[in-house]
Amino acid sequence: MKKHLLFLTSIFVLFSISISFSKSELEDYEKLDNSIIIDRINNNDIDVVFPSVIFTFKEATIAIKFKNIEHNKLLLNNNELNFIVNGNDMVLHFENGEAKINYKFETSQTFSVYCEDFSFYKKVTAYPLWAILTPFILIIVVIVIKKIK
């Protein structure tokens with residue numbers, strides 16, 4: 001009988017010690033300062049803005065804007081972040097949460113940007129040079145024909 005009582009008492013003590021340790025570990029995690037947690041950049045943090053019309057023979061200025069200009073990554077990296085733009089590594093400098101990329105859509109009609117958990121892909125409609133010159137040439141031809149008559 002004494003052995004059983006000793007055994008039950010020792011099991012009770014072991015369980016109470018393990019519960020007290022687990023509570024103290026949880027308290028340590030609760031004391032964690034949230035200001036030191038660095039947020040990863042994701043799709044909710046950045047907007048990519050394209051110009052309304054893009055031409056194949058001219059560089060388009062594409063803006064990458066942070067929704068929160070005081071994002072932790074911007075502050076910790078002195079407003080410079082590494083991005084992968086169409087497969088090329090680029091260091092972008094942000095001013096007031098915005099960086100600009102000049103890109104020419106000659107061979108590829110796609111645009112992709114990646115950084116940490118952020119990813120962006122867009123198929124772009126880029127107009128060729130003849131699409132701009134054709135209306136002007138037609139206007140000149142019509143004027144010349146009217147002058148001849």
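Here, each number is a calculation from the coordinates, and none is a lab measurement. Please read these numbers as outputs of a predicted model, since none were measured by experiment. Don't worry about glycine lacking a Cβ; one is built from the backbone with ideal geometry, like all the others, and counts go over all protein chains shown.
When you filter the trypsin sites (Lys or Arg not before Pro) in the range 41-126 for DSSP loop state and at most 11 other Cβ atoms inside 10 Å of their Cβ, you are left with Lys67.
Measuring between alpha carbons in the structure, the pairs from Lys67/Lys104; Lys58/Lys104; Lys67/Lys100; Lys65/Lys122 lying more than 18 angstrom apart are Lys67/Lys104.
One decimal place: the segment His93-Asn77 gains 4.8 nm when fully extended, by the rule 0.36 nm per residue minus the C-alpha distance. Dividing the convex hull volume of the alpha carbon atoms of the range 46-131 by its residue count gives 87 Å³ per residue.
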